[in-house]
Structure formats: structure tokens, C-alpha cells
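Novice: So that we are looking at the same thing, I have put the structure below in C-alpha cells.
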Amino acid sequence: MRSERPSRPAFLFVLALSLALALVAARPEKARPAGAADDKPLIRKDLLTFGQGKIVPSRRDIFRPQGAVRTAPSPAKPSRRPAARNRPAPAAAEQPGFALDIVYVGSVRSAGSILALVLKGGQTITVAEGDEIIPGYKVLRITADEIEITGPNSDHKTFARQGERP
């Protein structure tokens, strides 16, 4: 029986191939021009601004809808100041027209009620029917396509949903 040993020519071929690959791997790479695409870093450090500004903490948790949890109002604390007597009531300033600037993004059904997602001043807030967006502006009705809000002078305005529609 003949033993299974590699033949001498096959051994020499594998040896020569491995030496050639080692020489190619050890050879330095070609010099690239200075403006090559691979020379650019992934992060432009010149645009980073470390220590130039104050980080403001978030006002609310964006993953917990505000309108979903209702809490009972806390009892009012008695004032320590003596009550002002015979003070004239301040003159009621005329309210301008409907001055609320919002964008209705969509709605979410949560815990059996419908919550509206509204962009106000660059922040997304969630409101339910009966909630006030800002003092004097109350949500009357929420549907999938629009939200109806009443203003301080009982003015009604309907905001249509913005963005992509199915």
C-alpha cells in the first residue's frame, strides 16, 4: 500500500505560492494623493463644539404620554399674605384672534382614549380631549384626520393632520 504523502512538485508549488503572497503583503502601499476620499475622517472634529453652551434637561419623558395619566389636583395652600381689600380689578386686556400656532401630526389610541400628537414650538406634545395646550386653548375633539381646539374667546379652529397620509 502506498502512503498518502504530497508529491514533491506540489509541495514546491505551495511553498513558492506562500512566499509570493508574503512578499506582496510586506510591500508598502502606493502613496495616494492628499485629497483621496479615504483620507477624510468619519467625524469632522472642527465642527464639534465642546463646552460651548449649557445642556438643558428635558422637560418631559417623550415615551410616556402626558394625557394618559390623570392625577387629582393637589389641594391649594392658603396664602400667607393678607387679602387685598378695595383693590380695583385689573382691566381685561382684549384677546387677539386665534393665536395658537401648532401642527397636528397624528393620533394614538392609548388606554381606551385617543391622544393627539401636536408640534408646538419645536416640541412634540400629547393631548387628549379636554386638555389645555396652553392656558385658554382647550382640545374639543380629536379624530384621525383633524383636531378641533377652542380659544379663550370661544373661537373654534380645526387643524388638519400634516405629513404623510396612508
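Novice: Just to be sure I understand, how many residues within the stretch 51-70 are more than 30 Å from Val108 (Cβ to Cβ) and modelled with pLDDT under 70?
Specialist: Of the residues in the stretch 51-70, 3 are more than 30 Å from Val108 (Cβ to Cβ) and modelled with pLDDT under 70.
Novice: Is it the case that some residue within the stretch 91-106 is in a strand (DSSP E or B) and either at pLDDT below 55 or of a type in the set (A, V, I, L, M) (or both)?
Specialist: Yes - at least one qualifying residue is present in the stretch 91-106.
Novice: Now, a different point. Hey, can you tell me all the residues within the stretch 142-166 that are surrounded by fewer than 14 Cβ atoms within 10 Å (Cβ to Cβ) and without any contact (Cβ under 8 Å) to a residue 40 or more places away in the chain?
Specialist: Thr143, Ala144, Asp145, Ser154, His156, Thr158, Glu164, Arg165, Pro166
Novice: Let me ask you something else. Are any residues in the stretch 127-136 at pLDDT below 90 and either surrounded by 15 or more Cβ atoms within 10 Å (Cβ to Cβ) or aliphatic (A, V, I, L, M) (or both), and if so, which ones?
Specialist: Ile133, Ile134
Novice: Still on this model: Starting from the stretch 127-141, take each residue that is touching a residue at least 60 places away in the same chain (Cβ under 8 Å) and list its partners that are part of a loop (DSSP other than H, G, I, E, B) and crowded, with 16+ Cβ neighbours inside 10 Å, counting only C-beta distances under 6 angstrom and pairs at least six apart or across chains.
Specialist: Matching pairs, first to second residue: Val127/Gly67; Ala128/Gly67; Asp131/Gly67.
Novice: Among Glu148, Glu164, which is the only one that is over 18 Å from Phe63 (Cβ atoms), part of a loop (DSSP other than H, G, I, E, B) and either among the charged types (D, E, K, R) or at pLDDT 90 or above (or both)?
Specialist: None of the others qualify; the one that does is Glu164.
The values are calculated or read from the model by the stated rules, or taken from the named source; none is laboratory data. Keep in mind that this is a model prediction, so the values were computed, not measured. Heads up, the Cβs are rebuilt from the backbone with ideal geometry, glycines too, and the neighbour counts pull from every protein chain shown.
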